[in-house]
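Below is one structure, written out as structure tokens, with a few remarks after it.
The values are calculated or read from the model by the stated rules, or taken from the named source; none is laboratory data. Computed from a predicted structure; not experimentally measured. Cβ sites come from the backbone with ideal geometry, for glycine too, and all protein chains shown count toward neighbours. Just so you know, the surface numbers come from the protein's heavy atoms only, side chains and all, with ligands and any DNA or RNA stripped out. Shrake-Rupley method; radii C 1.70, N 1.55, O 1.52, S 1.80 Å.
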Amino acid sequence: MTVYDAMFWFFSLALLLCGVLVLISRDAVASALFMVLGFIFLAGLYLLLEAWFLALIQILVYAGAIMVLFLFVVMLLDFREKRRWWHGNLLGWLGAPLAVAALLAALLPVLKRAGALADAPEKWFEGTLENVMTPVFTRYLLPVEVTALILLAATIGVVVLGRKETKP
Amino acid sequence: MAFYVLQMEIAVVVLAVLGLLAGAFWPKHTSLIRRGLAEGALVVLVASLFLVFPQHHALFGGAYVLDRFAIVFKQVLLGAAALVLLLADAHEPLRKQGGTEFAALVLLATAGMMLLTSANDFIFLFVALELVTITFYVLNSFLRGESRALEAGLKYLVLGALSAGFMAYGLAYVFGAADSLNFGDIHHALHDDKTAQGIYLFGFALVLLGLGFKLAMVPMQIWAPDVYQGAPTPAAAFLASGSKIAGFVVLLRLVFADVFPPAWEAQPVVLMALAALTLLYGALGGLAQTDVKRLLGYSSIANAGFLLLGIAAGGDFGHAAVIYYLVQYLFAVIAVFAVLTVVANAHDTADRHTLMGLHRRSPLLALALLLAMLSLAGVPPLGGALGKFFVLVATVMRARIDPAFYALAGVAIVGAVIALFYYLRVLRGAWADPAPDAAARITVPWTVRVVLYICMAGMLFLGIWPQPLLALATRCLH
């Protein structure tokens with residue numbers, strides 16, 4: 001096992017652990033903080049893939065901006081409901097591992113047979129800003145523009161659903 | 001004049017933004033603006049009919065295609081949007097809420113659906129699909145004072161996010177297997193290189209699961225009855241017509257682009273199983289329902305089963321049958337929701353009592369309900385009968401090569417007969433039961449009248465003279 005492999009396993013397992021902790025931690029603030037930690041480990045995986053720009057954006061935008069906003073809302077609303085760690089019902093506790101097991105059962109044989117694909121000579125792609133943004137503004141321009149419409153729809157939605165009730 | 005790229009979509013988005021601005025500047029005239037938006041959508045539709053069909057165009061690196069199939073469905077979806085906008089203006093709870101946001105959101109969702117008809121690339125498909133889904137999160141919970149609407153919105157939100165997650169995860173595998181997300185490139189990659197087919201199959205199955213949420217296909221059908229019941233009636237009408245049509249257009253596009261996993265092409269076992277399960281779930285689940293909107297949720301699932309059957313059967317005739325089915329289904333389902341929009345005004349629910357004695361309270365509504373329910377049930381001479389008939393013909397044609405399809409045709413007939421029972425039960429309430437004493441005559445707003453006349457004419461026309469549409473559908477395939 002090379003250092004690369006070791007780091008891959010470390011980041012992956014830590015990411016999974018953080019995901020589980022988000023679900024079972026006692027209060028919402030702790031969940032949100034575990035999510036930040038998970039994002040950082042995910043950025044580590046991106047670094048291993050030489051996706052520098054993506055790793056940076058992952059930390060700046062997700063762990064920085066979005067999660068701060070998230071925490072701000074959680075603390076503002078103050079729903080620090082103290083829950084026991086086994087909260088939830090039996091169905092959920094049995095169902096989730098079953099679903100994960102089913103997904104793995106479908107995935108593992110596929111990955112085993114795909115060994116030839118992994119041995120194929122790889123087209124190396126370095127995730128620099130230029131390499132990432134050139135397709136965004138050429139080939140994928142249309143989806144990017146449509147994203148603007150999504151944001152418009154979401155903005156209208158927030159205003160409509162969040163405004164004060166006016167009595168006619 | 002020829003078609004320009006994105007012409008219709010841009011017109012619809014401009015209309016939506018103008019509607020929003022007009023609503024903000026002249027808040028006293030929102031009703032006028034809302035009707036203006038519906039008429040604007042109709043104007044765009046009519047104007048597009050005069051444009052010359054282009055040669056096959058592929059733009060934005062092949063992500064956006066403009067062919068006859070895409071344009072015809074852009075027009076169909078625009079028509080559906082115009083009808084829904086007219087309904088929304090007559091819907092009492094939405095009128096009370098005021099504003100033009102509902103209409104603007106409907107138009108934005110329409111733009112997303114129209115983009116979907118042209119999608120030839122998974123990234124573009126995903127983004128356009130999200131535009132539709134996110135808009136519907138808001139439309140479904142628009143009446144946020146009603147707990148049912150909030151429940152509907154929340155259920156749609158959670159399951160929509162889950163299905164988007166499935167789709168994005170699947171797309172990662174698709175990209176890993178084919179090294180591209182463009183349908184054309186994927187087609188070549190699949191047939192040149194056999195090593196990646198296993199991974200592709202896994203990814204494509206997840207994508208299909210995510211798309212199945214839009215189609216109300218088993219196993220992603222759970223939300224349909226709850227959301228149809230709780231959402232504002234015009235939103236449910238658009239969910240049942242526009243959203244479903246757009247989903248099936250995407251599925252047809254995947255078939256045309258030939259990006260289904262090669263293992264499924266020889267015998268589409270997965271599609272066959274999904275079609276049978278969806279049909280039976282929709283038919284059996286509807287039996288115990290007393291709420292008409294909820295019943296329509298199950299009816300929507302059963303119809304999705306029929307459409308999946310047509311796609312599984314395949315062949316030119318199978319695909320033409322699916323296109324025909326989608327168009328006639330639009331008229332029937334919007335007619336039912338138009339009736340419910342007027343009848344179920346107070347709390348926006350529609351248990352069977354609300355329809356009692358409808359023939360005395362409003363003959364027009366009762367007649368429209370009769371035609372629409374019979375069309376959904378598949379009784380001639382209405383469009384629904386021929387839609388089901390064509391799909392069954394395509395199934396039997398396929399069964400000559402592949403006998404397993406005989407069993408599927410049997411399942412479809414059993415499902416149609418079970419569904420016939422619950423459609424007729426609704427009609428019994430409307431036509432045979434006496435009106436409750438307190439029930440007064442219902443006055444039907446002119447906007448709903450227009451919608452009902454259009455839908456009734458459409459159902460009868462398609463049922464009596466199907467050749468024009470069938471010929472157009474066949475031309476769409478080439």
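On the given criteria, is B:D351 surrounded by fewer than 24 Cβ atoms within 10 Å (Cβ to Cβ) and under 24 Å from B:W431 (Cβ atoms)?
On the way: surrounded by fewer than 24 Cβ atoms within 10 Å (Cβ to Cβ): yes; under 24 Å from B:W431 (Cβ atoms): yes.
Yes: the conditions hold for B:D351.
Among residues belonging to the range B:122-144 that are more than 20 Å from the chain's Cα centre (by Cα) and more than 7 Å from every other protein chain (Cβ to nearest Cβ), point out the one that is farthest from B:D67 (Cα to Cα).
B:L143
Spot the failing condition for B:S147; the list is (1) among the hydroxyl-bearing types (S, T, Y); (2) more than 11 Å from chain A (Cβ to nearest Cβ); (3) within 18 Å of the chain's Cα centre (by Cα), and only one is missed.
Tallying (1) among the hydroxyl-bearing types (S, T, Y); (2) more than 11 Å from chain A (Cβ to nearest Cβ); (3) within 18 Å of the chain's Cα centre (by Cα), B:S147 fails exactly one: (3).
When the range A:133-147 is examined, which residues are found to be surrounded by 11 or more Cβ atoms within 10 Å (Cβ to Cβ) and either among the aromatic types (F, W, Y) or part of a helix (DSSP H, G or I) (or both)?
Within the range A:133-147, A:M133, A:T134, A:P135, A:V136, A:Y140, A:L141, A:L142, A:P143, A:V144, A:E145, A:V146, A:T147 meet the criteria.
Of all residues in the range B:1-58, count the ones that are over 26 Å from A:L151 (Cβ atoms), within 14 Å of chain A (Cβ to nearest Cβ) and of a type in the set (D, E, K, R).
The total comes to 1.
Just one of the numbered conditions (1) open to solvent by 50 Å² or more (accessible area, probe 1.4 Å); (2) in contact (Cβ under 8 Å) with a residue 12 or more places away in the chain; (3) over 29 Å from B:L252 (Cβ atoms) is not true of B:G429; which one?
Tallying (1) open to solvent by 50 Å² or more (accessible area, probe 1.4 Å); (2) in contact (Cβ under 8 Å) with a residue 12 or more places away in the chain; (3) over 29 Å from B:L252 (Cβ atoms), B:G429 fails exactly one: (1).
Looking at the range B:140-158, which of its residues are among the aliphatic types (A, V, I, L, M) and open to solvent by 40 Å² or more (accessible area, probe 1.4 Å)? Write out each step before concluding.
To start, the set of residues in the range B:140-158 that are among the aliphatic types (A, V, I, L, M) comprises B:143, B:149-150, B:152, B:154, B:157-158.
Once the filter is applied, which keeps residues that are among the aliphatic types (A, V, I, L, M) and open to solvent by 40 Å² or more (accessible area, probe 1.4 Å), the range B:140-158 yields B:L150, B:L154, B:L157, B:V158.
Find the residue count for the range B:1-16, including only residues that are without any contact (Cβ under 8 Å) to a residue 12 or more places away in the chain and outside any helix (DSSP H, G or I).
1
For the subset of the range B:381-422 comprising residues that are among the charged types (D, E, K, R) and in a helix (DSSP H, G or I), which member is most open to solvent (accessible area, probe 1.4 Å)?
In this case the residue turns out to be B:R398.
Check the range A:2-17 and report whether any residue there is without any contact (Cβ under 8 Å) to a residue 24 or more places away in the chain and surrounded by 17 or more Cβ atoms within 10 Å (Cβ to Cβ).
No, there is no match, as no residue in the range A:2-17 is without any contact (Cβ under 8 Å) to a residue 24 or more places away in the chain and surrounded by 17 or more Cβ atoms within 10 Å (Cβ to Cβ).
Check whether at least one residue in the range B:235-243 is within 13 Å of chain A (Cβ to nearest Cβ), open to solvent by less than 10 Å² (accessible area, probe 1.4 Å) and closer than 25 Å to B:N120 by Cβ, and report yes or no. If you could, list the steps in order and put the result at the bottom.
We begin by selecting, within the range B:235-243, every residue within 13 Å of chain A (Cβ to nearest Cβ); these are B:235.
Filter once more, so that each one left must be open to solvent by less than 10 Å² (accessible area, probe 1.4 Å): B:235.
Now narrow it down to the ones that are closer than 25 Å to B:N120 by Cβ: none.
Scanning the range B:235-243, I find no residue that is within 13 Å of chain A (Cβ to nearest Cβ), open to solvent by less than 10 Å² (accessible area, probe 1.4 Å) and closer than 25 Å to B:N120 by Cβ, so the answer is no.
Confirm whether B:L171 is open to solvent by 10 Å² or more (accessible area, probe 1.4 Å), on the phi < 0 side of the Ramachandran plot and away from chain A (no Cβ under 12 Å). Write out each step before concluding.
Details: open to solvent by 10 Å² or more (accessible area, probe 1.4 Å): yes; on the phi < 0 side of the Ramachandran plot: yes; away from chain A (no Cβ under 12 Å): yes.
Answer is yes for this residue.
Has the range B:86-96 got at least one residue that is open to solvent by less than 10 Å² (accessible area, probe 1.4 Å) and either touching a Gly at 6+ places or on another chain (Cβ under 6 Å) or facing chain A (nearest Cβ under 10 Å) (or both)?
No, because not a single residue in the range B:86-96 is open to solvent by less than 10 Å² (accessible area, probe 1.4 Å) and either touching a Gly at 6+ places or on another chain (Cβ under 6 Å) or facing chain A (nearest Cβ under 10 Å) (or both).
Taking the range B:316-348 on its own, how many of its residues are surrounded by fewer than 19 Cβ atoms within 10 Å (Cβ to Cβ) and polar (S, T, N, Q)?
Filtering the range B:316-348 for residues surrounded by fewer than 19 Cβ atoms within 10 Å (Cβ to Cβ) gives B:316, B:345-347.
Still in the list and also polar (S, T, N, Q): B:345.
Within the range B:316-348, residues that are surrounded by fewer than 19 Cβ atoms within 10 Å (Cβ to Cβ) and polar (S, T, N, Q) number 1.
Which of the residues spanning the range B:359-380 are part of a helix (DSSP H, G or I) and either of a type in the set (S, T, Y) or open to solvent by less than 20 Å² (accessible area, probe 1.4 Å) (or both)?
B:L365, B:A366, B:A368, B:L369, B:A372, B:M373, B:S375, B:L376, B:A377
So for the range B:102-121 (the condition being within 18 Å of the chain's Cα centre (by Cα), at pLDDT 90 or above, under 20 Å from B:T341 (Cα atoms) and more than 14 Å from chain A (Cβ to nearest Cβ)), does at least one residue qualify?
Looking for residues that are within 18 Å of the chain's Cα centre (by Cα), at pLDDT 90 or above, under 20 Å from B:T341 (Cα atoms) and more than 14 Å from chain A (Cβ to nearest Cβ), one finds none in the range B:102-121, hence no.
Which of the following residues is farther than 22 Å from B:R475 by Cβ, open to solvent by less than 70 Å² (accessible area, probe 1.4 Å) and free of Cβ contacts under 8 Å to residues at least 40 places away in the same chain: B:G23, B:G61, B:G19, B:G40? Can you show your working first?
On the way: B:G23 fails: free of Cβ contacts under 8 Å to residues at least 40 places away in the same chain; B:G61 fails: free of Cβ contacts under 8 Å to residues at least 40 places away in the same chain; B:G19 fails: free of Cβ contacts under 8 Å to residues at least 40 places away in the same chain.
Among B:G23, B:G61, B:G19, B:G40, only B:G40 is farther than 22 Å from B:R475 by Cβ, open to solvent by less than 70 Å² (accessible area, probe 1.4 Å) and free of Cβ contacts under 8 Å to residues at least 40 places away in the same chain.
The conditions are (1) free of Cβ contacts under 8 Å to residues at least 60 places away in the same chain; (2) within 12 Å of chain A (Cβ to nearest Cβ); (3) open to solvent by 50 Å² or more (accessible area, probe 1.4 Å), and B:A161 fails exactly one of them. Which is it?
(2)
Exactly one of these conditions fails for B:V218: (1) under 22 Å from the mean Cα position of the chain (by Cα); (2) without any contact (Cβ under 8 Å) to a residue 12 or more places away in the chain; (3) not in a helix (DSSP H, G or I). Give me its number.
Of the numbered conditions (1) under 22 Å from the mean Cα position of the chain (by Cα); (2) without any contact (Cβ under 8 Å) to a residue 12 or more places away in the chain; (3) not in a helix (DSSP H, G or I), the odd one out for B:V218 is (2).
Just give me the residues in the range B:174-192 being more than 9 Å from chain A (Cβ to nearest Cβ) and open to solvent by 40 Å² or more (accessible area, probe 1.4 Å), in sequence order.
Matches in the range B:174-192: B:F175, B:D185, B:H187, B:H188, B:H191, B:D192.
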